[in-house]
Amino acid sequence: LHGTEFIDSYVFNKAEYIRFNSTVGRYVGYTELGLKNAEAWNKGPQLGQEQGELERVCKHNADLH
């Protein structure tokens, strides 16, 4: 899966406020609310769940593409 990247974006009113990027390995906030959420989510169980998605979703489906 070299070069594979998993991105999970959260959007509200057509504006992205927080994103998990598997290359970065953590949540990044883009608004005031996103920054607060990113700080909390990077310390909680959400981070481990997102990190596992690259293996669960991308690796599983890579052979299909």
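For the chain, what is the mean residue ellipticity at 222 nm derived from helices alone (per DSSP H run of n ≥ 4: -39500 (n - 2.57); sum divided by total residues; nearest 500 deg cm²/dmol)?
Working: 2 runs with 19 residues, N = 65.
Calculated from helices alone, the mean residue ellipticity at 222 nm is -8500 deg cm²/dmol.
Computed from label points 7 Å out along Cα-Cβ, the spacing between Lys43 and Thr23 is 2.9 nm.
If contacts are Cα pairs under 8 angstrom and at least 6 residues apart, what is the relative contact order of the stretch 7-63 in percent?
Working: 60 pairs, mean separation 12.6, N = 57.
Relative contact order here is 22 percent.
The computed semi-axes √(5λ) of the Cα gyration tensor in Å for the structure shown corresponds, within (1) 23, 13, 9; (2) 22, 17, 10; (3) 50, 26, 5, to (1).
The phi torsions of the stretch 40-56, fed into the Karplus equation with coefficients 6.51, -1.76 and 1.60 and a -60° offset, translate into couplings of 5, 5, 5, 9, x, x, 4, 4, x, 5, 5, 4, x, 5, 4, 5, 5 Hz, rounded to whole numbers, with Gly and Pro shown as x.
Once the Cβ-Cβ distance between Ala15 and Leu54 is put in as r, and R0 is 30 Å, what FRET efficiency do you end up with, to the nearest 0.05? Before the final figure, lay out each step's value.
On the way: r = 25 Å, r/R0 = 0.84.
Computed FRET efficiency for Ala15 and Leu54: 0.75.
The numbers here are math on the coordinates, done by the rules we state, and not lab data. Since the structure is predicted, the reported quantities are computational estimates derived from the model, not experimental observations. All Cβ positions, even for glycine, are placed from backbone atoms using ideal geometry, and neighbour counts span all protein chains on display.
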